[in-house]
Structures are given as C-alpha cells and as structure tokens.
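The values are calculated or read from the model by the stated rules, or taken from the named source; none is laboratory data. Predicted model, so just to flag it, every value in this text is computed and none were measured. A quick note on method: Cβ atoms are made from the backbone with ideal geometry, for glycine too, and the neighbour counts reach across all protein chains shown.
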Amino acid sequence: MGVTGALAYKKLGTATDVENASPHRLIQMLLEGAIEKVNRSKYFIKKSMVAEKGEHISWAISIIGGLQGSLDKEKGGEIANTLNELYDYCTAQLAIANIQNSTEELDKVLSVLSEIKEGWDGIKEQAEAQ
C-alpha cells in the first residue's frame, strides 16, 4: 500500500472511530487531537517552519473552540465554567506562542490540556454509565 493509500485508510479508520464513539470518547479524541497539534507546533517551532507552526496552532485553537462549544454551562455548573476558563487560557497562550515562537507557552498549554484529559479519562466509567 502506497503512502496515499495508507493516508486514505487512516482517514477512513478515524471517520469510523468518530461515528462509533460515545460522547465521552469524542471529547477524549478532541483532547488527544489538541495535544497532538500543540506537540507538532513545538516541533515546527524548533525546525523554524513558521507556516506549519501557525497551521497547527490554528488547528489546536479550533479544536479547543469545539471543546468550549460543547460545554453545557447550565448542567455543568462550576466544572463547565472552570473548563471554559481553562480553554480561554489555552487559546490565549497559543496565540502568544504563535506570535513569540515560544515552546515554553506551548508547554503551558500541554500541561493544562493533559491535566484536563487525565481528569476526563478518570471519569470514563461514570460518564458512559449515564
């Protein structure tokens, strides 16, 4: 299978995963995607690949926007509000990282997203029982 075939297969697998995922798993996938994009941005900063860095930071911001958009602030109460503030923080830090080419700012975002993902992973059974 060539590179093009492998990429098509990966996209099909991802689409199938999304279609079959629980709401909890979808959030996990978004968090994983945001973390991946931030890590790739770090790589591109280190390689002085400005366009690619900007593209991946933008992608991470979009994913975080999707996570923010999924928050139910009425039902989620204080937790949803705290997550909203953390997502705002991450978006601001990503913008700073983009402007300053700062891997340190990206590390701050990775720390927050990793902590959110760890908490989300910890409630899997409870979330899926609902």
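Listed by first and then second residue, the pairs with beta-carbon distance under 9 Å, at least 6 apart or on different chains, first residue in segment 84-102 and closer than 20 Å to Glu52 by Cβ, second surrounded by fewer than 14 Cβ atoms within 10 Å (Cβ to Cβ) and of a type in the set (Val, Ile, Thr), are Asn101/Val50.
Among the residues making up segment 75-91, those that are surrounded by 13 or more Cβ atoms within 10 Å (Cβ to Cβ) and under 16 Å from the mean Cα position of the chain (by Cα) are Leu83, Asn84, Leu86, Tyr87, Tyr89, Cys90, Thr91. For segment 38-130, the helices (runs of 4 or more DSSP H) that sit wholly inside it and include 2 or more residues that are closer than 18 Å to Pro23 by Cβ and of a type in the set (Lys, Arg) are 73-100.
Residues in segment 56-69 that are surrounded by 14 or more Cβ atoms within 10 Å (Cβ to Cβ) and either at pLDDT below 95 or not polar (S, T, N, Q) (or both): His56, Ile57, Trp59, Ala60, Ile61, Ile63, Ile64, Gly66, Leu67.
For Tyr9, are the conditions met, namely being modelled with pLDDT under 95 and either surrounded by fewer than 16 Cβ atoms within 10 Å (Cβ to Cβ) or touching a Cys at 6+ places or on another chain (Cβ under 9 Å) (or both)? In short, yes.
Does Ser102 fit the bill of being surrounded by 12 or more Cβ atoms within 10 Å (Cβ to Cβ) and either within 15 Å of the chain's Cα centre (by Cα) or among the acidic types (Asp, Glu) (or both)? Considered against the rule, which asks whether it is surrounded by 12 or more Cβ atoms within 10 Å (Cβ to Cβ) and either within 15 Å of the chain's Cα centre (by Cα) or among the acidic types (Asp, Glu) (or both), Ser102 comes out as no.
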